[in-house]
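Since the structure comes first, as structure tokens, the remarks are kept for the end.
Any read-out appearing in this document is the output of simple, stated calculations on the displayed coordinates, not a laboratory observation. The structure presented is a predicted model; accordingly, all values stated were derived computationally and were not measured. Counting neighbours? That spans all protein chains shown, and the Cβs are built from the backbone with ideal geometry, glycine included.
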Amino acid sequence: MSDHVHIVEVGPRDGLQNEKTPLSVADRIAFVEAGRGLPVVLLHGLGGSHDDWRLQLHEFAAHYRVIVPDLRGFGASERREPFTIQQHARDVIALLAALRIGRAHVVGLSMGGAIAIEMALGAPERVGALVLANTAPGFTLTNWQRRRMAWLRVLVAAVLGVQAVARISGRGFFPRRGQGPLRRRLIRRASGTSRWVYLASLRSLTRWNAGSRLRSIAAPVLVLGAEFDLTTSAEKRRWAARIPRSQFVEIPGSRHHSELDAPERFNREVLSFLKGQIID
């Protein structure tokens, strides 16, 4: 993505004075921005960056003001602990405040979906509608298969680096013939990801769980699930049913990165959902 990357400093002056853990005034968040109108924030997953949304930015910007941050520790943003879901949520809220945006629709993929959930629970006045794509309300390791997958990631990242994780993940995320460019871009992106940031983020992610709080989400929610995601559509339907104003849509044939391997369907579902949502 060739769009200009902006850097903004966020801190307690940006409306987070009442937070239990305020931001340092030195924290810098990078983002790209395009379009005009109602604000929509796109949040990437673990190890990602704003570049993950390159197939959405300009299409969405034809209808909305689109803000796409690099989450703390990734892309061009500050590499400063903590890398928890709660801290990421505070960062995004502070970014909105720094941009003088009171309320925004939030689209989150994978870990970005967890951050969107945390924003909706912790600062509902800042969130319009939510789109939660290929995510879950908790990443706690509840069975041996998920524990095995997490420990494999930790081992590979610790010993061989984040690029090695990307090589393995890329074959699972983009297995089809013709998807080589997507795999190679995933690996190149990983070259800029710090090993310790990745491991700290993964550790924090596996300790976060909002499953018991889903009924408190007041915002309208679209849950998107790829047919071949890391968790099943049946699982997503079950937890989505606990959110009062939610709907679930499956994206056939897609895997974890639906925004990249099925962008036309992904964009259509998101824009169709957001079209009917109003920000007060």
> Which whole-number percent gives the relative contact order of segment 35-94, counting Cα pairs below 8 Å spaced six or more residues apart?
Replying inline: 35
>> Per residue of segment 193-202, what does 6.51 cos²θ - 1.76 cosθ + 1.60 with θ = phi - 60° give for ³J(HN,Hα)? Whole Hz please, x for Gly and Pro, Karplus curve as stated.
In response: 9, 5, 4, 6, 5, 4, 5, 5, 5, 5
> Hey, what do the phi angles of segment 263-276 turn into as Karplus ³J(HN,Hα) couplings, whole Hz, using 6.51/-1.76/1.60 and θ = phi - 60°, x for Gly and Pro?
Replying inline: x, 5, 5, 4, 5, 4, 5, 5, 5, 4, 5, 5, 4, x
>> Give me, ordered by chain and number, the residues 5 or more places off A210 or on other chains with an amide H under 5 Å from its own placed amide H.
In response: G138
> Okay, helix-only estimate at 222 nm for the chain: each DSSP H run of n ≥ 4 adds -39500 (n - 2.57), divide by all residues, round to 500 deg cm²/dmol; what do you get?
Replying inline: -11500 deg cm²/dmol
> Which percent of the Cα-Cα distances in segment 89-138 go past 11 Å?
Replying inline: 63
> Order of 206-213, 266-273 by packing, highest average Cβ count within 10 Å first?
Replying inline: 266-273, 206-213
>> Quick check: residue separation of R268 and L199 times 0.36 nm, minus the Cα distance between them. What number comes out in nm?
In response: 21.4 nm
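Taking the Cα centre of the chain as origin and charging only Cβ (+1 Lys, Arg; -1 Asp, Glu), how large is the dipole, in debye to the nearest 20?
Working: 40 positive and 24 negative charges, 180 e Å.
Here the chain has a charge dipole of around 860 debye.
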>> Using amide H atoms built in the peptide plane, which far-off residues or other-chain residues are under 5 Å from V127 H to H?
In response: A104
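Suppose a student asked you for the relative contact order of the chain, using Cα pairs under 8 Å spaced at least 6 residues apart; what percent would you report?
Across the chain, relative contact order equals 18 percent.
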> What are the ³J(HN,Hα) values, in whole Hz, obtained from phi via the Karplus relation 6.51 cos²θ - 1.76 cosθ + 1.60 with θ = phi - 60°, for each residue of segment 178-183 in sequence order, with x given for Gly and Pro?
Replying inline: x, 9, x, x, 5, 5
> Once you put a point 7 Å from the Cα of I187 and another 7 Å from the Cα of T231, both along the Cβ direction, what distance in nm separates them?
Replying inline: 3.0
> What are the residues whose amide H is under 5 Å from the amide H of I251, where those residues sit 5 or more places off or on another chain and H is modelled from the backbone?
Replying inline: G225, A226, E227
>> What whole-number volume per residue, in cubic angstrom, does the convex hull of the C-alpha atoms of the chain give?
In response: 118
